[in-house]
Amino acid sequence: MQTRTLGELAEYVGGKVFGDPNIQIKSASTLGRAGEGDISFLANPKYEKQLRTTRASAVIVGKGTVNGSVPLLITEDPYYAFMQIMVLLHGHRRHKKVGISPRASIADSAKIGTDCHIYDFVTIDDEAKIGDGCIIYPGVYIGHNTQVGNNNIIYPNVTIYDGCKTGNRVIINANSTIGEDGFSYASHKGIHHKIPQTGIVVIEDDVEIGACCGIERGTLNDTIIGQGSKLGDLITIGHGAKIGANCLLVAQVGIAGSATLGHHCIVGGQAGIVGHINIGDNVTIAAQAGVINSVQDGKVVLGAPAIEVNQGRRAYSMIQYLPEMRQNIRELKSQIKRGALSSQSTNVSADTDSSHEKPSEQNCDS
């Protein structure tokens, strides 16, 4: 942990100081939890009132924010600046440098790059290639002919099946499986027959995969995770699916085989996407949505089945009123029925009166 002045931090992130630039900053925290020596951030305007009560020594804010009782660091993008300062003050996780453990099982035909640290009980199979600067934690299995790029971090008990490829600076968190067989069967006369999976998984540069994820290899085509995409925990990517660049997939998302996502898509937690559809670029899918049709570029969808956000909000806001509406409809039907019966009764009565009057008229004539 490093201590910097507010002025130094402003210079580092390209911002400006509103207040004392000589304040010492040693850590970062939230507005509510920050204390002396901490810097916090304001990215959402609804928390602006906390600027008057926070005990932080300084707060990172966007342009146009000058309220508050603490010094401010004004930037174009407060959250991004906060990230930069977090890295500067705290740094990322540091990995113990162990070299290549004698307890690791590495095939003679495997190739290991320079400055790699391979922990106990790692297994690296024949013809596998490991790039430079990789950290591979205990219990990892890397299959035959697998290619791992430079500066990968592979956490404990990850399995990468044969033939798969990862780019540079990829992070795979614990217990995830890359390249397992796709859920692909031909059902014939009640029996499910397994289809061979001839594709692989390709993970491009700067991808991070959460814990306990399963990414299936393709049946015929490769499964691809695009550059810069980030996957949360417990995510399943079906065989032959293609995830575009810089997508964010929150925990427990399921994407069926051969679905395609464009770039910069955001998929909320527990959302499900059926196979063989296309999700455009810059699409946002709300949590627990069920996407059964293709989605155009830039759309925001929610619900199950997923529909356009404005339509969905109107539709789902009515759910709580459905019991009352049902009762009202029943009462209206009863009123209409009673009105119809009353009208029929009046007509019958009028017809009867008419029939009584006619003979009297005839008698008068006679």
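The values are calculated or read from the model by the stated rules, or taken from the named source; none is laboratory data. Remember, predicted model here, so these are calculated numbers, not experimental data. All Cβ positions, even for glycine, are placed from backbone atoms using ideal geometry, and neighbour counts span all protein chains on display.
Please determine, by comparing only the residues of segment 58-75 that are without any contact (Cβ under 8 Å) to a residue 40 or more places away in the chain and outside any strand (DSSP E or B), which one is surrounded by the fewest Cβ atoms within 10 Å (Cβ to Cβ). Please lay out each step first, then the result.
First pass over segment 58-75, keeping only residues without any contact (Cβ under 8 Å) to a residue 40 or more places away in the chain: 59, 61-65, 67-69.
Of the ones still in play, those that are also outside any strand (DSSP E or B) are 63-65, 67-69.
On the way: 63: 11, 64: 8, 65: 17, 67: 12, 68: 21, 69: 10.
The selected residue is 64.
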From 253, 291, 283, 274, residue being more than 19 Å from residue 146 (Cβ to Cβ), at pLDDT 95 or above and in contact with a Pro (Cβ under 8 Å, 6 or more places away or on another chain): 291
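Which of the strands (runs of 3 or more DSSP E) contained wholly in segment 199-239 include at least 3 residues that are touching an Asp or Glu at 6+ places or on another chain (Cβ under 8 Å)?
Result: 214-216, 223-225.
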Residue 215 passes all but one of (1) hydrophobic (A, V, I, L, M, F, W, C); (2) more than 24 Å from residue 266 (Cα to Cα); (3) at pLDDT 95 or above; which number fails? (2)
Which of the residues belonging to segment 136-173 are farther than 16 Å from residue 99 by Cα, assigned to a loop (DSSP other than H, G, I, E, B) and among the aliphatic types (A, V, I, L, M)? 158, 170
Lone qualifier among 7, 35 - being over 15 Å from residue 86 (Cα atoms) and assigned to a loop (DSSP other than H, G, I, E, B): 35
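Here's the yes/no breakdown for (1) closer than 19 Å to residue 153 by Cβ; (2) crowded, with 23+ Cβ neighbours inside 10 Å; (3) acidic (Asp, Glu):
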| position | (1), (2), (3) |
| --- | --- |
| 206 | yes, no, yes |
| 221 | no, no, no |
| 241 | no, yes, no |
| 252 | no, no, no |
| 258 | no, no, no |
| 264 | no, no, no |
When you check residue 247 against the structure, is it under 19 Å from residue 295 (Cα atoms), crowded, with 22+ Cβ neighbours inside 10 Å and of a type in the set (A, V, I, L, M, F, W, C), yes or no? yes
